[in-house]
Amino acid sequence: MENIVGFLNELLWSPVMIYFCLGVGLLFSIITRFLQVRHFKDMIKLMFQGKSSDAGVSSFQALSIALSGRVGTGNIAGTATAIAFGGPGAVFWMWMIAFIGASSAFIESTLAQIYKVKQDGQYRGGPAYYIEKGIGWKWYAVLFAISSIIAVGLLMPGIQSNSIATGLNNAFGLSPTWTGVLLVALLGAIIFGGVKRIATVAQYVVPFMALAYILLALIIMAANITQLPAVFALIVKSALGFDSAFGGILGMAISWGVKRGIYSNEAGQGTGAHAAAAAEVSHPAKQGLVQAFSVYIDTLLVCSATAFMILFTGMYNTANPSGGFIVENLKGVNPGPGYTQAAIETIFPGFGAAFVAIALFFFAFTTIMAYYYIAETNVAYLMRGKNGMWLMTGLKIMLLIATFYGAVKTADLAWALGDVGLGIMVWLNLIAILILAKPALQALKDYEEQKEQGLDPVFDPTKLGIKNADYWVNDFKRDEERVS
């Protein structure tokens, strides 16, 4: 099993994938004239606009659902793993993929809004929907939907629950089996309540947990403020191959930085697009900009908080590909949450393990919650016009089993399986948004033109010549009148 998973990871995460992700993000950044900089103010303002209704959620709730998926184990364990195998330079490449990836997040989320549908009284959308309606490749859309259900419903929940179980066991001695039981009970109560309950939990838990984590990181940084110039210099020099110790692993820095960056912020993966489609907005570009900002929150804030805690305190190891370690400051500590725990312990003795365990619990739990929503959306796509209640129930049970199993299996296999699921989704979605970028670019131009005229942008696909945007042609005005 491990050999098969290893082979698939080598295939999916070859250097071609790394450069493809970077290339697509850079291309969209150039084409949109770096919207992630030009529209930074709009991103923040739009975050708190939009309405909530029986059919959809507000912009902030959609952002919170997307952040639930983005802010997870990758922010703590994933960042530490990137430093462990790619050195401090991996952090720089995580920043880079976040900056240019924000444009990819805009494209996919705007497409999700353009081609969303109103199905069974709820807004649904995402890659499967925009692939079929925008490109016309139903077979490819079905392939993405099935791959997503397997990835986020079966493979990836194990990474999150495994990290929760490891953290609680280290901090409180709680058995992984009991952790699995607790997770299944709490998760079941939420996912059986539907998307509204997921959105409600996410909008309160996600901002609280992220702010608390960043605040602690700031305290640790302040206590080690003299290290600031040296840490930034180390990150940049290592990332560009100029550092004498880490220069020999430049390729590993890029590879691990990009891979863990994508795993964490999910730009281009297609996951954030599912939540974006559920938002009640007047123009697709509005939610596209909000979702682009979520990439910044995830990587430039939360992942950076982890990286700075580890690097400011020196609590990390970096492996030498030829054997041994380039840096070994934590003998016998495996790459992962242990690095962050050790960093916190330097300032707050006896507190690090407990805090990281609690942070991991909230980060990873909400991620599993978001995984369910993504999987449910793809099941809904496959079951359009059919009674899919039995399949929805089966999905819930499958995800709960995967969550429990992940709590008690080995961490290495959990990460490897998750990387396979992520790799499949990234490949399929990046190819799709490359082919289908034009409608999103038209929407951006239309949004900008209406803003210049002093208007609150409203989307009219007929005027732009965008076909198959059926919701905006048939249902939008009626829904606007109902909500207002």
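Things worth noting here:
- Residue match in the range 29-39 (condition: basic (Lys, Arg), outside any helix (DSSP H, G or I) and modelled with pLDDT under 90): no
- Looking only at the range 307-321, and only at residues there that are open to solvent by less than 10 Å² (accessible area, probe 1.4 Å) and polar (S, T, N, Q), the one that is farthest from Tyr213 (Cα to Cα): Thr318
- Where helices (runs of 4 or more DSSP H) fall entirely within the range 55-116, those with at least 1 residues that are at pLDDT below 90 and of a type in the set (Lys, Arg) are at 59-70.
- Among the residues making up the range 155-180, those that are open to solvent by 10 Å² or more (accessible area, probe 1.4 Å), modelled with pLDDT of 85 or more and either in contact with a strand residue (DSSP E or B) (Cβ under 7 Å, 6 or more places away or on another chain) or among the aliphatic types (A, V, I, L, M) (or both) are Leu168, Leu174.
- In the set Ala273, Ala292, Ala279, only one residue is closer than 22 Å to Leu35 by Cα and touching an Asp or Glu at 6+ places or on another chain (Cβ under 6 Å); that residue is Ala273.
- Cβ separations smaller than 7 Å between residues 6+ apart or across chains give the following pairs from the range 177-202 residues that are under 19 Å from Phe60 (Cβ atoms) to residues that are at pLDDT below 85 and surrounded by fewer than 22 Cβ atoms within 10 Å (Cβ to Cβ): Ile190/Arg197; Ile190/Val201; Val195/Gln122.
- Criterion (more than 21 Å from the chain's Cα centre (by Cα), at pLDDT 85 or above and among the polar types (S, T, N, Q)) met by exactly one of Thr393, Thr377: Thr393
- Looking across the range 311-327, the residues that are of a type outside the set (Phe, Trp, Tyr), closer than 22 Å to Thr226 by Cα and outside any loop (DSSP other than H, G, I, E, B) come down to Leu311, Thr313, Asn317, Val327.
- Among the residues listed as Gly87, Gly78, the single one being in contact with an Asp or Glu (Cβ under 9 Å, 6 or more places away or on another chain) and of a type outside the set (S, T, N, Q): Gly87
- Of all the listed residues (Ser175, Ser238), the sole one being of a type in the set (S, T, N, Q) and within 26 Å of Ile83 (Cβ to Cβ) is Ser238.
- Hits in the range 117-133 - residues which are touching a strand residue (DSSP E or B) at 6+ places or on another chain (Cβ under 7 Å), open to solvent by less than 10 Å² (accessible area, probe 1.4 Å) and not in a loop (DSSP other than H, G, I, E, B): Tyr129
- Every residue from the range 232-245 that is open to solvent by 10 Å² or more (accessible area, probe 1.4 Å) and either closer than 30 Å to Met425 by Cα or part of a loop (DSSP other than H, G, I, E, B) (or both): Leu240, Gly241, Phe242, Asp243, Ser244, Ala245
- Residue in the range 246-272 that is farthest from the chain's Cα centre (by Cα), counting only those that are of a type in the set (A, V, I, L, M, F, W, C) and outside any helix (DSSP H, G or I): Phe246
- Test set (1) closer than 16 Å to Thr271 by Cα; (2) touching a Lys or Arg at 6+ places or on another chain (Cβ under 8 Å); (3) open to solvent by 10 Å² or more (accessible area, probe 1.4 Å) - Val142 fails condition number: (2)
- Residue tally, condition open to solvent by 10 Å² or more (accessible area, probe 1.4 Å) and polar (S, T, N, Q), over the range 278-306: 1
- The residues of the range 203-231 that are surrounded by 15 or more Cβ atoms within 10 Å (Cβ to Cβ) and either over 28 Å from the mean Cα position of the chain (by Cα) or without any contact (Cβ under 8 Å) to a residue 24 or more places away in the chain (or both), listed by number, are Asn224, Gln227.
- Residues of the range 5-34 classified as free of Cβ contacts under 8 Å to residues at least 12 places away in the same chain and either small (Gly, Ala, Ser) or open to solvent by less than 40 Å² (accessible area, probe 1.4 Å) (or both), total: 2
- Of everything in the range 438-466 that is assigned to a loop (DSSP other than H, G, I, E, B) and of a type in the set (A, V, I, L, M), the residue that is surrounded by the most Cβ atoms within 10 Å (Cβ to Cβ) is Ile466.
The values are calculated or read from the model by the stated rules, or taken from the named source; none is laboratory data. From a predicted model like this one, the values you see are computed outputs, not experimental measurements. Quick reminder, even Gly has a Cβ in these numbers, built from the backbone with ideal geometry, and neighbours come from all protein chains shown. The protein model used for the area step is the full one, side chains on, heavy atoms only, and it has no ligands, DNA or RNA in it. Shrake-Rupley method; radii C 1.70, N 1.55, O 1.52, S 1.80 Å.
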